[in-house]
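Chemist: Okay, handing you the structure first.
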């Protein structure tokens, strides 16, 4: 892929500041784009934007196509005439540092319900037709999703495998009966999706005016408790009651000595192939319509994936099974043309995975934190071994912050021994030729100076934050996806320093719209 040399920031919208307890697509998102432009950054990367379920993970969403209503901005609802200013002028008191999802959901529901009521009685003229066109354009997934969400409400949020048997097996008469009964709630969920897509489109357009492009994230797997698994059970390895027969995960790796049992259902790739991989074509098309570049999560799973019997509690007793490989990407490319994709080629990477990546010209990922470990493949993550067709990160959302990683102690944030930590730390300092007092800026400089096409930096590293600010701890369920930054942290000094490095290593945008 021919990308212009550049750099950007990794930050999920939930981490933005804001008065309603969670970052959203409102004013602070626009202010962040202004910061990116001032700091000379040409890319904004975020995590999946779908509606989150158990654990609030953006990698376990209720739909592979829908947007997260929690990201809908109350301020933008006022601007667009969906709610009155008095409805949002006194937000409750929330933590500025962490997202309290339970409270946020409660308060967002109030505002979103008011906006729907207002839309039903006094719809803004320019949005009446817009909503109708949106429903028509997205009907292929929106109708199943709206019924799925309405049914979840009537079943107190329980997963679909706990619903009545006729709904689990999608008996046509039962579906018809509930569709009539839940007509209004279905329309409510369609409306929320319209709001999300409308606000995201406006924010993305603003990014363009500032010379900022967006990178999205497409997980290989989807949640079992999702609209797509419920509405298309024949496309997954499930039993007659909807329970998974086998689940996804990875063997022991960088993050866990016992591997990771993710629990996602596994695709029946043979069935997908008979349709020409149409669902995947549709999924890629939907993502390309939202962003400029897609990070394809767990890319190695398309060549071979780790299959774990659903009866197993741990990932160790799994096996490698061949995936769809080049056939899938050839089908998507034939339908959509060149694929603007980053391959997340981390984990157990074989020559076959590398061949699949290179056949389609996808840039892979290089993680600086992985360059100094006791791993035979660590040398591939050291900048002097890079090729241009790659994307370098100081860290990803799954890693510790750079400061947290460098100052880690045995038993805290790492499974390494004291000797291993000291060896790794000494190797870092020797490679950098510094004393490590500003380790985050030194690692940013290392990334920027590399030949990689793009250098992507988590905002936590730009701000020099510690382990308490990491986004996710793999193999844990609590406390993830909650971190938020304070607007005062994005100082002019930080922006200037980042821009100077970007300029020094020739990563500034060639032209920046005014």
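Chemist: Being closer than 27 Å to residue 474 by Cα and either assigned to a helix (DSSP H, G or I) or out of contact with any strand residue (DSSP E or B) (no Cβ under 8 Å at 6 or more places or on another chain) (or both) narrows it down to one residue among 249, 301, 276; which is it?
Modeler: After ruling out the rest, the residue left standing is 301.
Chemist: Tell me, please, whether a residue that is surrounded by fewer than 16 Cβ atoms within 10 Å (Cβ to Cβ), more than 21 Å from residue 228 (Cβ to Cβ) and either touching a helix residue (DSSP H, G or I) at 6+ places or on another chain (Cβ under 7 Å) or free of Cβ contacts under 8 Å to residues at least 12 places away in the same chain (or both) can be found in segment 303-315.
Modeler: yes
Chemist: Right, next: Checking residue 414 against (1) touching a helix residue (DSSP H, G or I) at 6+ places or on another chain (Cβ under 8 Å); (2) under 22 Å from residue 465 (Cβ atoms); (3) crowded, with 17+ Cβ neighbours inside 10 Å: exactly one of these is not met. Which one?
Modeler: Failing condition for residue 414: (3).
Chemist: Is it fair to say residue 446 is at pLDDT 95 or above and closer than 16 Å to residue 367 by Cβ?
Modeler: yes
Chemist: Identify the residue in segment 333-369 that is part of a helix (DSSP H, G or I) and within 21 Å of the chain's Cα centre (by Cα) and, among all such residues, is nearest to residue 280 (Cα to Cα).
Modeler: Applying the filter and picking the extreme gives 357.
Chemist: For segment 238-273, how many residues meet the condition of being surrounded by fewer than 16 Cβ atoms within 10 Å (Cβ to Cβ), at pLDDT 95 or above and farther than 22 Å from residue 296 by Cα?
Modeler: Qualifying residue count, segment 238-273: 3.
Chemist: In segment 370-427, what residues are within 25 Å of the chain's Cα centre (by Cα) and more than 22 Å from residue 445 (Cα to Cα)?
Modeler: Within segment 370-427, 413, 414 meet the criteria.
Chemist: Continuing with this model, one more query. Within segment 222-238, does at least one residue satisfy the condition of being in contact with a strand residue (DSSP E or B) (Cβ under 6 Å, 6 or more places away or on another chain) and farther than 25 Å from residue 171 by Cβ?
Modeler: no
Chemist: Checking residue 82 against (1) at pLDDT 95 or above; (2) crowded, with 22+ Cβ neighbours inside 10 Å, only one condition comes out false. Which one?
Modeler: Against the list (1) at pLDDT 95 or above; (2) crowded, with 22+ Cβ neighbours inside 10 Å, residue 82 comes up short only on (1).
Chemist: Take residue 289 and tell me if it is within 21 Å of residue 46 (Cβ to Cβ), at pLDDT 95 or above and surrounded by fewer than 21 Cβ atoms within 10 Å (Cβ to Cβ).
Modeler: In short, yes.
Chemist: Filter segment 473-489 for residues that are under 26 Å from residue 54 (Cα atoms) and out of contact with any strand residue (DSSP E or B) (no Cβ under 9 Å at 6 or more places or on another chain) and give the result.
Modeler: The answer is 473, 476, 477, 478, 480, 485.
Chemist: Just wondering, is there one or more residues in segment 419-438 that are crowded, with 17+ Cβ neighbours inside 10 Å, free of Cβ contacts under 8 Å to residues at least 40 places away in the same chain, outside any helix (DSSP H, G or I) and in contact with a helix residue (DSSP H, G or I) (Cβ under 8 Å, 6 or more places away or on another chain)?
Modeler: For segment 419-438, residues crowded, with 17+ Cβ neighbours inside 10 Å, free of Cβ contacts under 8 Å to residues at least 40 places away in the same chain, outside any helix (DSSP H, G or I) and in contact with a helix residue (DSSP H, G or I) (Cβ under 8 Å, 6 or more places away or on another chain): absent.
Chemist: Select the helices (runs of 4 or more DSSP H) contained entirely in segment 58-155, then report the ones holding at least 3 residues which are farther than 24 Å from residue 230 by Cβ.
Modeler: So the answer is 74-79, 101-121, 125-137.
Chemist: Do you know which residues across segment 475-508 are in contact (Cβ under 8 Å) with a residue 40 or more places away in the chain, part of a loop (DSSP other than H, G, I, E, B) and surrounded by 12 or more Cβ atoms within 10 Å (Cβ to Cβ)?
Modeler: 475, 480, 481, 482, 484, 485, 490, 505, 507, 508
Chemist: Here's a follow-up. Regarding residue 44, is this residue under 16 Å from residue 485 (Cβ atoms), touching a residue at least 60 places away in the same chain (Cβ under 8 Å) and surrounded by fewer than 23 Cβ atoms within 10 Å (Cβ to Cβ)?
Modeler: No, not satisfied.
Chemist: Would you tally the residues in segment 304-327 being under 12 Å from residue 247 (Cβ atoms) and in a loop (DSSP other than H, G, I, E, B)?
Modeler: Looking only at that region, the number is 8.
Chemist: Go through segment 156-174 and give me each residue that's under 21 Å from residue 223 (Cβ atoms) and part of a helix (DSSP H, G or I).
Modeler: Within segment 156-174, 160, 161, 162, 167, 168 meet the criteria.
Chemist: Turning to a different aspect of this structure: State yes or no: is residue 25 modelled with pLDDT of 95 or more, over 22 Å from residue 401 (Cβ atoms) and within 16 Å of the chain's Cα centre (by Cα)?
Modeler: yes
Chemist: Let me ask something else about it. Select, from 348, 332, 341, the only residue that is surrounded by fewer than 17 Cβ atoms within 10 Å (Cβ to Cβ) and in contact (Cβ under 8 Å) with a residue 12 or more places away in the chain.
Modeler: Of 348, 332, 341, the one residue that is surrounded by fewer than 17 Cβ atoms within 10 Å (Cβ to Cβ) and in contact (Cβ under 8 Å) with a residue 12 or more places away in the chain is 348.
Chemist: If I ask for residues that are closer than 16 Å to residue 24 by Cα and part of a loop (DSSP other than H, G, I, E, B), which ones from segment 35-56 would you list?
Modeler: 46, 47, 48, 49, 50, 51
Chemist: For segment 449-468, name all the residues that are in a helix (DSSP H, G or I) and surrounded by fewer than 22 Cβ atoms within 10 Å (Cβ to Cβ).
Modeler: 449, 467, 468
Chemist: Which numbered condition trips up residue 443, out of (1) outside any loop (DSSP other than H, G, I, E, B); (2) under 26 Å from residue 262 (Cα atoms)?
Modeler: So the condition that residue 443 fails would be (2).
Chemist: For segment 377-406, how many residues are assigned to a loop (DSSP other than H, G, I, E, B) and either closer than 19 Å to residue 421 by Cβ or in contact (Cβ under 8 Å) with a residue 60 or more places away in the chain (or both)?
Modeler: Of the residues in segment 377-406, 13 are assigned to a loop (DSSP other than H, G, I, E, B) and either closer than 19 Å to residue 421 by Cβ or in contact (Cβ under 8 Å) with a residue 60 or more places away in the chain (or both).
The values are calculated or read from the model by the stated rules, or taken from the named source; none is laboratory data. Everything numeric here is computed off the predicted structure, so don't read it as measured data. A quick note on method: Cβ atoms are made from the backbone with ideal geometry, for glycine too, and the neighbour counts reach across all protein chains shown.
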